[in-house]
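S.K.: There's a structure below that I have some questions on.
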Amino acid sequence: MEETSAHFPIGFACEIIQDLQKQFQDQFSDLDSRAEEVRLFQNPFEANVASCPEALQLELIELQASDMLRCQAKFLTSHHVRMHRIILYMPNTLI
């Protein structure tokens, strides 16, 4: 079997990777400035009320004060993977 000594274009690969890094940074550059908004919807029980829009603050305070909702959210969060698996394997007629 004959081996070929093909040259790997390292310079070209580096340019591609740098371009991908720049595109990624450009695409997601606003995430740092919107981190609090993301956190609000990711886990409203841990969100900072003062940094939320005024229109949502009262509802957020009520939500965070409810032990029942906090327990339900914790239960659902801890079991969401199992629920997704159950739904995936349910017959289409039941969904």
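The values are calculated or read from the model by the stated rules, or taken from the named source; none is laboratory data. Being a predicted model, the structure only gives us computed values, none of them experimental. Heads up, the Cβs are rebuilt from the backbone with ideal geometry, glycines too, and the neighbour counts pull from every protein chain shown.
S.K.: In region 1-44, which residue that is at pLDDT below 90 and among the small types (Gly, Ala, Ser) is farthest from GLU59 (Cα to Cα)?
M.R.: Per the criteria, the residue is SER5.
S.K.: While we're here: Cβ contacts < 6 Å: first residue closer than 20 Å to ASP67 by Cα, restricted to region 31-53; second residue assigned to a loop (DSSP other than H, G, I, E, B), any location; separation 6+ or different chain. Result?
M.R.: Between residues of region 31-53 that are closer than 20 Å to ASP67 by Cα and residues that are assigned to a loop (DSSP other than H, G, I, E, B), the close pairs are ARG39/ALA47; LEU40/ALA47; LEU40/CYS52.
S.K.: While we're here: Only one of (1) closer than 20 Å to LYS74 by Cα; (2) surrounded by 11 or more Cβ atoms within 10 Å (Cβ to Cβ); (3) out of contact with any Asp or Glu (no Cβ under 9 Å at 6 or more places or on another chain) is not met by ARG39, so which one is it?
M.R.: In the conditions (1) closer than 20 Å to LYS74 by Cα; (2) surrounded by 11 or more Cβ atoms within 10 Å (Cβ to Cβ); (3) out of contact with any Asp or Glu (no Cβ under 9 Å at 6 or more places or on another chain), ARG39 misses (3) alone.
S.K.: Pairs needed: first member in region 55-66, farther than 15 Å from GLU37 by Cβ; second member anywhere, part of a helix (DSSP H, G or I); C-beta distance under 7 Å; at least 6 residues apart or different chains.
M.R.: Final answer for the pair search is ILE61/VAL49; LEU63/LEU69.
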